[in-house]
Amino acid sequence: MMRRTLFIDPGRCIGCQACVAACRECDSHRGRSMMHLDYIDGPHTVASMPTVCMHCQDPIAPCAEVCPADAILVSADGVVHEASKERCIGCGNCVHACPFGVPKIDHEEKLQYKCNLCYDRTSVGLAPMCASVCPTGSIFYGTLEELLAARPSAAATDIVVFGEQEIVTGVATVTPAGAEVAAVPGGGP
Amino acid sequence: MTRPRPYPIVAPGTADFREAGAEPARGWEALHPADQRLVATHCCFCGVQCGMYLRVDREGRVFGVEPRDHDINRMKLCPKGVVAYQQVNHPDRLLHPLVRDRRGEPLRRASWDEALDRVVDGIGRIQETYGRDAFAVYSGSSLTTEKTYLIGKFARVALRTRHIDYNGRLCMVSAAAANKKAFGVDRSANPWSDMLETQVLLIAGSNVGETFPVMTQYVWGARDRGAKLIVVDPRETAIARTADVFVPLRPGTDAAFFNGLLHVIERDGLLDEAFIAERTVGWEGVREVVRRYPPGRVGEICGLDPELIERVARLWGEAERAMAFHARGIEHHVQGVENCLTVIDLVLATGQIGRPGAGYGTITGQGNGQGGREHGQKSDQLPGQRDIEDPEARAYIAHVWGIDEADLPHKGTSAVEMVHQMAAGEIKGLLGICNNPLVSMPDRDAIEAGYDALEFHAQVDFFLSETAARADVVLPGTVWAEDEGIQTNAEGRVIKHNKAAEPPGEARTDWWIVCELARRLGVGDRFAFGSPRELLEELRVASKGGNADYSGITYERLEETGGLFWPVPSEDHPGTPRLFEGRFAFPDGKARFHPVEWHEPAEPVDATFPLRLTTGRTVAHYLSGNQTRRIGALVEQTPRPWVEVHPSLGFANGDPVTVVTRRGRVTYPALVTDTIREDTIFVPYHWAAPVAANILTVDALDPTSKIPEFKVCACRIERGGAVDPVSPPPVPPGAPPEVSPVDERPPSAPQGRGTGEP
């Protein structure tokens, strides 16, 4: 995890939806936000959680694996791209395969949309829109060293556990220092 | 005292600004070849004043936003800032002057000549019949500092009325008055980067995560470096949720709480005796008062576990470096000034000011809430934060303006008082600019009666606000991206807004409108300003020698540095990021303590109205909503107001709940949540009648600052029939009507509706 990637830290999130607004400004899908922002157990708490595509590394991109049209490209840098408009048949297999609920289907266009790590921006060295604007650093873009320089007590993991299934993700999750990797509740037995 | 920094902090407003990569946007040109350009500017909304770039196309139209690595915000933006640009070419923009031939008739399009002549006739008729003071000006702090200076001068020189005030009266005046009383000057004491060096950060009455979202990076940054966070608020806000200590006190009890902290600190010997002796006067009076506020008593007043008071006092008292911030939550009270003074007493008694990581500040609300309260649009003030009753100040400003001091009006009345005078027939005519009192002022129905009683009302705005829609003449002004000028952010940092587009249709800049009115009133020679730059040149002279000394500020210096903290008394002065390092702004250099006795709010709860209503904001909307209620994404995030009630009150989420006060009743959908006190309910205030929170609020005013008590009044709740519908914002004749969301549900959380919900 020495390269630059997104680090997601729900503990810092204030639920403002700047990420949602900024995602809409990205030229590759202007007017349409790929961000998911959920209020966790609202209205009992103000806690919130941003979700981007985690760019699954191992098993590699379940969305791409199940795509019958072979529309989802995983580029050499590990970025799992949005379904190609030329190939996508809008079947929604990717939606069912994604462990994080990330892809969205536009049922009128019969096309899939999802976060592609702002490939137009990241490929020229800019941070994705969501991470650029996030007022809290809940969505951070950079290397692990850069993250730790800014937050000495933080730690991060690239593993998410659903029951017996471990997933290594290209996008990292910030954990409290010393925290053990634990299964995501609701993820299975 | 100051440790070496173990981490890099970019000093605000200094040479490091360029090194931070502020200009130009790095890598951006690779994405966007020659068909568009970026204009470096700042956001139009809150007091943080985040840097941003506006994207401008070949035709000169603003069409997007790009993050900017300015050292205030380091590219960060909130959801309002991201979509701010959507106001520029919005279909609701006022493109032509509008007039109404008779009350009750609709507005119709008019020429500038006709509209301006009507205003001049209205002014002349009213001032000749009823006297000069019968015509008033009500202004605002979302204007650039140049414009606020101009409007103050216009009222005093062109209208010669004593009745001018501004909407900071609903916002900043309690903190401003307290700062002047205690420190002799009204400005946040520290740059926000100081937060990164503090050990204890206390935030009282400020929903930072929703109202100043980008300030959160400083709060979290402080915690990343080990600081403890204390949040004082009746609601568990986004920053309170994970705070080290959350103090959910009862609305209207802040002064008792802070007295309680000082009680424990004094009792336990945690005072900074040396600081008190060397740099302050008046401690004995405060000691005497706080001795009467033991934690047991304070716990009862505030509805808190006394142990919380002990904990917070210990954390604060034992810290080597601590900082306190507060906002409207403690300021919007009949005891608003005194509440601020109790925080300042705590800061002074522990010597926590004037050092890196030790300090104090109010968090200014509006974009230019600081600059707009410094240069004379306030009823009792002349440029440079001067007192209008100070003979020396009067003589100086009269000289700058080329008038006889005897012709300079004296102190006027405050904003809400002016509306009461309108209802009483003392004020007959009004020029309003940059405000929407029919949404933002307390006891809305009484405010409406005041506006209805006017013989003549002109309003300047760029959207047809609920207030403008009732005016006799509406003059179309500009949005921030269509003009240039300076603003001063919540830290006291003066920054520069740049022009990105020409005004649409026949809209004109606000300063052109005011100067043109002055010309038609026969005093054009004193208002011969051809640009904001010329206004700044005069403002620099007018502010020279005052507390808020801008004389060393030029557009070029602001561009070069990214911002300068006033005072900047000469062009080679580096600005003053941190105040009070050696002395306070009184002649003897010492700060003043002020003993404060807590008392009940203006409207204590009783058997008929047993709950406390507190009002506030939500992240997707800004002030009266005249801007944000028209932007699709923000309306989608938060389409309507709601009432927050604790589960113990017996309602289910989404139930229609009628809130009843002595002023009125409104039915909202309930957001049933554990994050609010059982004895308190909350309604956000950004919407107009019939769902305006200000239908319910009390217009009791602080005796010193005249700020209304928006943050607490007595109420009761009842099971309602149907929730009251949101009315769409008004549009000018001919524009497609705004469609109001038909949404009767509460949001998923106070921050809005989640993206996964229908």
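What follows draws every value from the coordinates through simple rules; no lab data is involved. Just so it is clear, the structure is predicted and the values come from calculations on it, not from any experiment. Cβ sites come from the backbone with ideal geometry, for glycine too, and all protein chains shown count toward neighbours.
The table below gives the values:
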quantity: Cα gyration tensor shape of the stretch A:1-88, rounded if a/c is under 1.5, else prolate or oblate by comparing a/b with b/c; calculated: prolate
quantity: Sum of side-chain charges, A:Cys26 neighbourhood, beta-carbon under 15 Å (Lys, Arg +1; Asp, Glu -1); calculated: +2
quantity: For a label point 7 Å along the Cα-to-beta-carbon line of A:Arg87, residues of the stretch A:46-76 with backbone N under 18 Å; calculated: A:55-57, A:60-76
quantity: Separation between Cα centres of the stretch B:508-538 and the stretch A:56-116, rounded to whole Å; calculated: 59 Å
quantity: Listed residues A:Val133, A:Gly42, A:Ala83: farthest to the positive end of the dipole of chain A (Cβ charges); calculated: A:Val133
quantity: Shielding of A:32-42 by partner chains, average beta-carbon count, 10 Å; calculated: 5
quantity: Debye log10 I(q)/I(0) for the stretch B:173-362, one point scatterer per Cα, at q = 0.13 Å⁻¹; calculated: -0.59
quantity: Tail fraction, Cα-Cα pairs, the stretch B:331-432, threshold 17 Å, whole percent; calculated: 69 percent
quantity: Modelled FRET efficiency - R0 45 Å, B:Arg533 with B:Asp268, Cβ distances, 0.05 increments; calculated: 0.20
quantity: The stretch B:252-282 and the stretch B:284-321: distance between their alpha carbon centers, rounded to Å; calculated: 9 Å
quantity: Convex hull projection area averaged over all views, the stretch B:601-758, Cα basis, nm²; calculated: 10.3 nm²
quantity: Cβ-Cβ FRET estimate between B:Ala735 and A:Arg4, R0 fixed at 60 Å, reported to 0.05; calculated: 0.85
quantity: Sum of -39500 (n - 2.57) over DSSP H runs of 4+, divided by residues of the protein assembly as shown (222 nm, nearest 500); calculated: -6500 deg cm²/dmol
quantity: Local net charge near B:Lys499, Cβ-Cβ under 10 Å (Lys/Arg +1, Asp/Glu -1); calculated: -4
quantity: Full-extension gain in nm, B:Asp674 to B:Asp525, via 0.36 nm per residue minus C-alpha separation; calculated: 47.5 nm
quantity: Residues A:Ile105, B:Ile123 arranged by fewest to most Cβ contacts within 10 Å; calculated: A:Ile105, B:Ile123
quantity: Low-density loop positions, trypsin sites (Lys or Arg not before Pro), the stretch B:641-750 - DSSP coil, at most 16 other Cβ in 10 Å; calculated: B:Arg662
quantity: Cα convex hull volume per residue for the stretch A:5-176 (Å³); calculated: 129 Å³
quantity: Environment charge at A:Ala172 (Cβ cut-off 13 Å; Lys +1, Arg +1, Asp -1, Glu -1); calculated: -1
quantity: Candidate lysines for bridging to B:Lys496, where Cα separation is under 28 Å - those fewer than 8 sequence places away on the same chain excluded; calculated: B:Lys76, B:Lys80, B:Lys147, B:Lys153, B:Lys180, B:Lys378, B:Lys544
quantity: Loop-resident sites, the stretch B:31-133, for GluC sites (Glu not before Pro), counting at most 16 other Cβ within 10 Å (DSSP); calculated: B:Glu59
quantity: In the stretch A:104-156, the trypsin sites (Lys or Arg not before Pro) that fall in loop regions by DSSP, at most 13 other Cβ within 10 Å; calculated: A:Lys110
quantity: Pair-distance profile P(r), taking every C-alpha pair of chain B, with 10 angstrom steps and integer %; calculated: 3, 15, 26, 28, 20, 8, 1, 0
quantity: Residues of the stretch A:150-169 with amide N under 17 Å of the 7 Å Cα→Cβ point at A:Asp58; calculated: A:157-162, A:164-169
quantity: For the stretch B:174-193 and the stretch B:395-464, distance of Cα centres in Å; calculated: 26 Å
quantity: Over the stretch A:1-49 - Rg/Rh using Cα atoms and the Kirkwood inverse-distance radius; calculated: 1.06
quantity: Segment B:Val742-B:Arg108, extension gain: residue separation times 0.36 nm, minus the distance between their alpha carbons; calculated: 225.3 nm
quantity: Partners for A:Lys110 among aspartates and glutamates (Cα-Cα distance below 16 Å; same-chain residues under 8 apart left out); calculated: A:Asp70, A:Glu82, A:Glu86
quantity: Net length gained if the chain between B:Tyr555 and B:Asp101 were fully extended (0.36 nm per residue, minus Cα distance); calculated: 159.2 nm
quantity: For the protein assembly as shown, fraction of C-alpha pairs farther apart than 50 Å, in %; calculated: 17 percent
quantity: Neighbour-count order for B:His646, A:His44, fewest beta carbons within 10 angstrom listed first; calculated: A:His44, B:His646
